[in-house]
Structure formats: structure tokens, C-alpha cells
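Q: Quick one: the structure is below, questions incoming.
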Amino acid sequence: MSGGAGAAELRFVLKFALKPTDAWNLMNTIAVCFVCLGNICRSPSAEAVMLHQVGRARLSEKIVVDSAGTGDWHIGQPPDERAQSAARKRGYDLSLLRGRQISREDFARFDLLIAMDDANAAALTEACPAEYRDKIRLLMEFATRDDSRVVVDPYFGGEEGFERVLDQCEDACEGLLRALRTQLVA
Ligand code: 4NP
């Protein structure tokens, strides 16, 4: 066994180390886009959870939050009713969000493109100009309670899947916000 507190701390630092981009340095703002397949279940949930946490931290003017899908099936549609209902019970309002597909401009515009699962990350990587590929991350990298690698797709399952999505988003967005704070100069 290797480890001890020092090693654990180092793993924590490495896990949460983010590379500041030019935009972060110049504007002192950070723009984050959550990405799933349809942009009607997981990424709008992550967007709402992150917006709530950013507002609570009084960082709304510093951190811009958006979401998109890699697919085009749900462009213009509101989030899935099951996602809206689960979110509403926890105080998140998804009703005004509308599905959109990730676009080429998003890779330049956002500092971080945060994928829900490996398929989303692979689709992003394929579409992304090489110079921006290090902006692509998995949301669950930032989680500290749930050690799942991905936010599981709830679309073809039951309501409990939507609760799990929110649990995972709440956990990972806390870690993401902690990591972003270290990049923001007061
Ligand atoms: P999301 O979930 O990627 O979390 O928005 C899905 C939404 C739609 C489909 C699959 C997953 N679909 O097959 O239409």
C-alpha cells in the first residue's frame, strides 16, 4: 500500500488541477458548457445545479454556465418532463431551458466542455479543433462522494435514474466550483 495524507493530498491537487486558458486570464471569467447526448436530461440538470451553486457562492458574474447536446434530435425542446419533475422537487427550475446542439464556435467560446459520459467526450473530441481538446473533461472527475466515472444516461430507465443524475450533478458541481474558484482572481 502506498499513500498517507501527503499522497492523498497530491492526488486531490492533480485531480482538480485545471489549465487556465487565455480567456480566463484576460477576462477573469470562466465559461463552462455541460454536454450530454440529447441536452434534455443530464446536461440541463447539471446546468441548473451549477447555476444554483454559482449563485449561492455569489460568483454569477464570474462563471458563465450553459449546456448542449452532441445529437440534434431535441433541438428547441424543453428538458424531459421526468428531469424537470425531479429537479423541481429539489428547487431547480429547468422549464425555460431548450435543447441545442454543440456548435463549432462553442469550442472557442467556452473554457471547459464538460461531458457526462465517455461517448459524449468522444463525440466532442472528434468535433473539436485540436487546439481546444484540453478543454474537454468528464463531469464526474470533480465528484468527491460518488466514484462513478460517468453520469449514467437516465433516458430509457425509471424515475430513480433522474434522482441519481441530480445526486451526481450536485456532488460533481461542488467539486467543479471548488476547482474553478482557485482559477479566479478576486
Ligand atoms: P441526455 O439523455 O443525453 O441526458 O439528454 C438522452 C436524451 C435523449 C436520448 C437519449 C439520451 N434519445 O435517445 O433521444
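FYI, it's all coordinate maths here, none of it is from the lab. Just so it is clear, the structure is predicted and the values come from calculations on it, not from any experiment. Cβ coordinates were reconstructed from backbone atoms using ideal geometry, including for glycine residues, and neighbour counts include every protein chain displayed.
Q: If I ask for residues that are touching a Phe, Trp or Tyr at 6+ places or on another chain (Cβ under 9 Å) and surrounded by fewer than 12 Cβ atoms within 10 Å (Cβ to Cβ), which ones from the range 128-171 would you list?
A: Once the filter is applied, which keeps residues that are touching a Phe, Trp or Tyr at 6+ places or on another chain (Cβ under 9 Å) and surrounded by fewer than 12 Cβ atoms within 10 Å (Cβ to Cβ), the range 128-171 yields 129, 131.
Q: Just for the range 31-60: of the residues that are in a loop (DSSP other than H, G, I, E, B) and more than 7 Å from the ligand (Cβ to nearest atom), which one is nearest to residue 169 (Cα to Cα)?
A: Ranking the qualifying residues of the range 31-60, first place goes to 57.
Q: From the residues in the range 142-173 that are farther than 17 Å from residue 38 by Cβ and in contact with a Gly (Cβ under 8 Å, 6 or more places away or on another chain), which one is farthest from the ligand (Cβ to nearest atom)?
A: Out of the qualifying residues, it is 144.
Q: Hey, another quick one. Under the condition of being more than 15 Å from the ligand (Cβ to nearest atom) and outside any loop (DSSP other than H, G, I, E, B), which residue from the range 61-84 is surrounded by the fewest Cβ atoms within 10 Å (Cβ to Cβ)?
A: Going residue by residue through the range 61-84, those that are more than 15 Å from the ligand (Cβ to nearest atom) are 61-65.
Add one more test, that the residue is outside any loop (DSSP other than H, G, I, E, B), and what stays is 63-65.
Working: 63: 23, 64: 17, 65: 23.
Restricting to residues being more than 15 Å from the ligand (Cβ to nearest atom) and outside any loop (DSSP other than H, G, I, E, B), the top hit is 64.
Q: Could you give me the residue pairs with C-beta distances under 6 Å whose first residue belongs to the range 163-186 and is polar (S, T, N, Q), whose second residue is surrounded by fewer than 18 Cβ atoms within 10 Å (Cβ to Cβ) and not in a helix (DSSP H, G or I) wherever it lies, and which are 6+ apart or on separate chains?
A: 168/146; 183/20
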